[in-house]
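What follows is a single structure, written as C-alpha cells, with notes after it.
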Amino acid sequence: QPAVDTELEGQLRATRQRLTGDMRRLLANYRPPENDTTVGGIPVDSEYIIFIIDTSGSMFQGPWRLVMRKVSEVLRVYPKIRGIQVMNNNGKFMFPSYAGKWIPDSPTARQQIMNILATWNPYSDSNPAAGIAEAINTFYEPGKPVSIYVFGDDFPSGQVEAVARYVERINKADASGNRLMRIHGVGFPTQFDGGYIGNGMRFANLMRTLCERNGGTFVALATLN
C-alpha cells in the first residue's frame, strides 16, 4: 500500500504546471513585474472570471473550507476586474438574479460570494462539462477576455477525450490557436483519502487535458490541509 500511495502521489504532483508552492503564498502582497501577466504560471490577463465549482457531497462535506480559501485566493489574484460569475459544475448559478449576466466586481460583491459559498451546495454530478458549456455559450463576447476556474475532485463517469473534444467544439480556437476563454483547474485530493483513487486520477487527467488545450493551468493540491 505505501508503494501505491507513493506512486499516486507522484502522479498527482506531476499534474502541476509551474506552481511554486501553495497559491496562498504566491498571492500574498503580489505585485507583477512589468509585462508579466502570470502568477506561478497561471495567466491573470482576464478582465472577467467565472468559477465553476463541484458542489457534490465529497466536496461540500469534505474540504469546503479549503475550497472557500482557494476561491478567496483566486479573487486576490485579480484585484480589479469588470465582472465575476459563480456556478456549480452543472451550470447552476449562485445568484439566480444574475443568471446570464455579469456580477459587477466590488468588495461587497466579493464578500457576498464568500458568504453564500459557505452554505451553497446545489445538486452536482461532478462532471464539469455542462458548467463549462454554460459559461462559454452564455458569456463569451468578442473582445472580453474571460478565465474559467474549475474546482473539483471527482470525475466518476464519462470519457476524458470525449469531454475534451466537446469542450473544444464550444471553446473554439482562432487562427492563432487561441481559445474563446481560458480554462484553469484546481483539483482537491478527496478521492485519494476516500479510497476512490481512480475517480480522482480521472479528474486530474481531465482537467490537465482541458487546461492544456484551452490556454490554462491545472493545479493539483497535494493535501487537504
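If the segment from R169 to S97 were pulled out straight at 0.36 nm per residue, it would be longer than the present Cα-Cα gap by 23.0 nm. The E212 and R82 beta-carbon pair, evaluated with R₀ = 22 Å, returns a calculated FRET efficiency of approximately 0.25. Extension gain for A162 to N115 (0.36 nm times residue separation, less C-alpha to C-alpha distance): 13.3 nm. The trypsin sites (Lys or Arg not before Pro) of region 88-190 that meet both conditions, a loop assignment by DSSP and at most 14 other Cβ atoms within 10 Å of the site Cβ, are K101, K172.
We did not get these values from a lab; they are worked out from the coordinates using the rules stated. Keep in mind the model is a prediction, meaning the values are calculated, not measured. Methodologically, a virtual Cβ is constructed for each residue, glycine included, from the backbone with ideal geometry; neighbour enumeration extends over all protein chains shown.
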